[in-house]
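Report on the structure given below.
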Amino acid sequence: MLALLVLFGGYLAQSNDSDTGKLTLKGVKFNTNLTAALEAAKAQGKPVFVYAWSQYCGWCKKFEEETFTNQSVIKTLNENFILISIDVDKQRNETRNFRVRGTPTEIFLDSNGKEIKRIPGYTDTQTFLDSINDISK
C-alpha cells in the first residue's frame with residue numbers, strides 16, 4: 001500500500017497539458033512537442049535541454065526531487081535553454097531517435113539540434129548545475 005502511495009504521489013507532482021504540449025516536473029516547465037521546441041531553439045539561438053525519463057524510474061524521481069526544485073537550476077534552465085521532456089514509455093519514436101538506452105538521460109543540443117553533451121543516468125544537482133552553466137556560456 002505504501003509503495004502505491006509513493007508511486008501515485010510522484011505522478012501527482014507532474015502536471016501534463018497535452019493540448020499545449022507542455023509538462024511541468026517539479027519546478028521546471030518542459031515542451032513535449034519536439035518539433036516546436038527545436039524551431040523555438042533555432043529562432044531564439046538557445047541550446048536545448050532534453051530530459052528523457054520514465055514515470056516508474058526511481059533515479060528519475062530522485063533527480064527531479066533534488067534538481068528540478070533547486071532555484072539556481074530552475075533559473076538557469078528557464079533563462080538559457082529550450083526544454084524538452086521525453087517520456088520514454090509514451091514517446092517511443094523520440095526515445096529511439098535520441099538513442100536513449102536508460103533513464104534518466106540528459107541530452108544537450110545546440111540551437112541547430114546537434115548533440116553537444118549527454119549525461120546517461122543520475123547526476124547530482126551540483127554536477128548538473130555546473131554542466132548547464134558551462135553550456136549556457
Point-charge dipole on Cβ atoms (K/R +1, D/E -1) for segment 2-136, about Cα centre, debye to 20: 280 debye
Stretch gain in nm, segment T24-D124, where the contour uses 0.36 nm per residue and the Cα spacing is subtracted: 34.0 nm
Computed E for S136/E115 - FRET, C-beta separation, R0 22 angstrom, nearest 0.05: 0.85
Listed peptides 73-82, 119-128 by packing density, highest first (mean Cβ within 10 Å): 73-82, 119-128
Structure-derived Kirkwood radius over Cα pairs in Å - corresponding label in [x] 16.0; [y] 15.6; [z] 15.0: [z]
Electrostatic dipole magnitude of segment 58-137 [Cβ: Lys, Arg +1; Asp, Glu -1; Cα centre; debye, to 20]: 340 debye
Fraction of beta bridges assigned by DSSP in the chain that are antiparallel (%, nearest 5): 70 percent
Mean Cα-pair separation over length for the chain, i.e. relative contact order, pairs under 8 Å, 6 or more apart, %: 27 percent
Mean residue ellipticity (222 nm) of the chain, computed from DSSP H runs ≥ 4 via -39,500 (n - 2.57), nearest 500: -13000 deg cm²/dmol
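None of the figures in this text is laboratory data; all of them are computed from the coordinates on show. Quick caveat: nothing in here was measured; it's all calculated off a predicted structure. Here the Cβ is made from the backbone with ideal geometry for all residues, glycine too, and neighbour counts use every protein chain on show.
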